[in-house]
Amino acid sequence: MASNDQMHDAVASIESPLLLGRTLGELGLVKSVAKTITGKVKVELLAPVPNPPEALNDRLQAALKPFAREAEIAVDVMDDAAQIAWMNERKDAAGPPMGEPGSATRVIAVSSGKGGVGKSSVSTNLAVALNRSGKKVGIVDGDIWGFSIPAMLGIEDPPQMVAESIIPPAAHGVKVMSMDYFVSDDKAVIWRGPMLHKAIEQFLKDVFWDNLDFLIVDMPPGTGDIAISMAQFLPRAQVLLVTTPQPTAQRVARRAALMAAEVDQTVIGVVENMSWFTADDGQRYELFGSGGGEALAAELGVDLMARVPLLPAMGRGADGGQPVILAAPGSDATEAFDTLALAVIEKRPRVRTNPALVIK
């Protein structure tokens, strides 16, 4: 017969649906677990927010199935004071906030000089690949006007508020913050400098990211207000440039590198997207020319970290909320993102910044 301690351990080991990667026991959310005289298991939990997700009930029932056919679950929602105390404990355990001295989070700004090169797709699949390699990863959807990351990952749940901290939703092991959560489909974001600056500040400072290994920032095209704000809040960000094989795209992407140099950020590499298309006969076709990524990397003196093929299944997967690892497992694109993730991991940030980056 199972002991109460065994049942308690089973419940405590369940991953919290609120904080990805943290267990209920680790978060101090298990009040008691005991078997009643009727043979049911009674579980009493604490919850920082009302109406815990249905996923929590499913996980509890599955964890306790070896001990009883049914579990009775009672949830006690924290009051305001308890929420504040609980959230402060989480923040203290997570260490310095994003962008501040001592933060262990590496920030990767995925940038380009123009739209249409697949930055959001690269950001999404890089984040998933980094998570598959064992890293804790989040994404800021920095394209305030053209947000798309939640849809690409199939995220439908909104963020949660706990004691004035925003808890981002997650999918496929990746936490995501985006303007998509706050704007209805029939509205447009018509903002200028100060409001954009405030939105980015909230995404970085008011969101509880919980000690990520990597924060991927899907940057908007160009070098405008948002890029400047990002540089201010995240001065040690590493920049990953996305281009296509076309020489024109390569020349435009160079402007994002010039921006990085101006604000003393480091360009760590180049990703060439839509490099080729493989037809049914196995023949590769370079539909958008060739050499753009290699030329840009050589001009900047950095590595061409990956060449990602044009893959119809990858586009369909993005429309359906599936990263390429699910939409096209074992494909050239999946291998490209695994290669890219390893290359990014190896590019450790500089100890001190060096404003003498020279671009030919």
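The values are calculated or read from the model by the stated rules, or taken from the named source; none is laboratory data. Because the structure is predicted, anything quoted here is derived from the model rather than measured. Cβ placement follows ideal geometry from the backbone for every residue including glycine, while neighbour counts extend to all protein chains displayed.
Among the residues making up segment 264-297, those that are of a type in the set (Ser, Thr, Tyr) and farther than 14 Å from Arg251 by Cα are Thr266, Ser275, Thr278, Tyr285. Within segment 229-261, if we keep just the residues that are of a type in the set (A, V, I, L, M, F, W, C) and within 26 Å of Phe277 (Cβ to Cβ), the residue that is surrounded by the fewest Cβ atoms within 10 Å (Cβ to Cβ) turns out to be Val252.
Do we find that Pro312 is without any contact (Cβ under 8 Å) to a residue 40 or more places away in the chain, surrounded by fewer than 18 Cβ atoms within 10 Å (Cβ to Cβ) and within 19 Å of Gly116 (Cβ to Cβ) in this structure? Yes, satisfied.
Does Val324 meet the test of being under 22 Å from Gly173 (Cα atoms), in the same structural domain as Leu240 (by TED's automatic domain parsing) and either modelled with pLDDT of 90 or more or surrounded by 16 or more Cβ atoms within 10 Å (Cβ to Cβ) (or both)? Yes: the conditions hold for Val324. Of the residues examined, Asp186 is one that is part of a loop (DSSP other than H, G, I, E, B), modelled with pLDDT under 80 and either of a type in the set (Asp, Glu) or closer than 30 Å to Trp86 by Cβ (or both). Residues of segment 121-137 that are under 19 Å from Gln322 (Cβ atoms) and either among the basic types (Lys, Arg) or under 11 Å from the mean Cα position of the chain (by Cα) (or both): Ser123, Thr124, Asn125, Leu126, Ala127, Val128, Ala129, Leu130, Asn131, Arg132, Val137. Sub-7 Å Cβ pairs linking a first residue in segment 101-124 that is of a type in the set (D, E, K, R) to a second residue that is in a strand (DSSP E or B), at least 6 apart or interchain, are Arg106/Phe214; Arg106/Gln238; Lys119/Val110; Lys119/Asp218; Lys119/Val242, ordered by first then second residue. Looking only at residues in segment 1-13 that are surrounded by fewer than 19 Cβ atoms within 10 Å (Cβ to Cβ) and modelled with pLDDT of 85 or more, the one that is nearest to Ala82 (Cα to Cα) is Ala12. Of the residues examined, Trp86 is one that is assigned to a helix (DSSP H, G or I) and either surrounded by fewer than 24 Cβ atoms within 10 Å (Cβ to Cβ) or in the same structural domain as Ala336 (by TED's automatic domain parsing) (or both).
Under the condition of being among the β-branched types (Val, Ile, Thr) and part of a loop (DSSP other than H, G, I, E, B), which residue from segment 114-167 is modelled with the highest pLDDT? Only one residue tops the list, namely Ile155. Within the option set Gly317, Gly269, being within 30 Å of Phe233 (Cα to Cα) and small (Gly, Ala, Ser) holds for one residue only, Gly269.
Listed by first and then second residue, the pairs linking a residue in segment 269-283 that is under 19 Å from Val117 (Cα atoms) to a residue that is aromatic (Phe, Trp, Tyr), with Cβ atoms under 6 Å apart and 6 or more places separating them unless they lie on different chains, are Met274/Phe288; Phe277/Tyr285.
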